[in-house]
Amino acid sequence: MRDNLRQKIIAVCDKKIEAKGETVGLSFYAFFENKNNDPDLLMEAATWWIQTHQLDHFEKAAKIKSMVEAGL
């Protein structure tokens, strides 16, 4: 995973956890605006989320942050 995507995921997870608590869930779409202005990055996140780790549509932000920080 690209470093800029990794940093973006961690920042979004931190923001969501701060706003809504440790149990907040999110999908990989949370890391992107409603515009598809970087399809390669979107596909990279989707591939990591869906194909590589077979995660559910919504997962706990804390879980995703831990996975990304661990380099999974």
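Taken over region 1-36, residues that are over 17 Å from residue 71 (Cα atoms), basic (Lys, Arg) and open to solvent by less than 100 Å² (accessible area, probe 1.4 Å) amount to 1. The set of residues in region 37-52 being part of a loop (DSSP other than H, G, I, E, B) and either touching a Pro at 6+ places or on another chain (Cβ under 6 Å) or open to solvent by 100 Å² or more (accessible area, probe 1.4 Å) (or both) consists of 37 alone. A Cβ distance below 6 Å, combined with a sequence gap of six or more or placement on separate chains, defines the contacts here; from region 53-65, residues that are part of a helix (DSSP H, G or I) reach residues that are surrounded by 13 or more Cβ atoms within 10 Å (Cβ to Cβ) in the pairs 61/13; 61/16; 61/17; 61/24; 61/26; 64/13; 65/10; 65/13.
The values are calculated or read from the model by the stated rules, or taken from the named source; none is laboratory data. Treat the numbers as computed from the prediction; the structure is a model and nothing was measured. FYI the Cβ positions are ideal-geometry reconstructions off the backbone, even for glycines, and counts take in every protein chain you see. Protein only, heavy atoms only, side chains kept; ligands, DNA and RNA dropped before computing areas. Shrake-Rupley method; radii C 1.70, N 1.55, O 1.52, S 1.80 Å.
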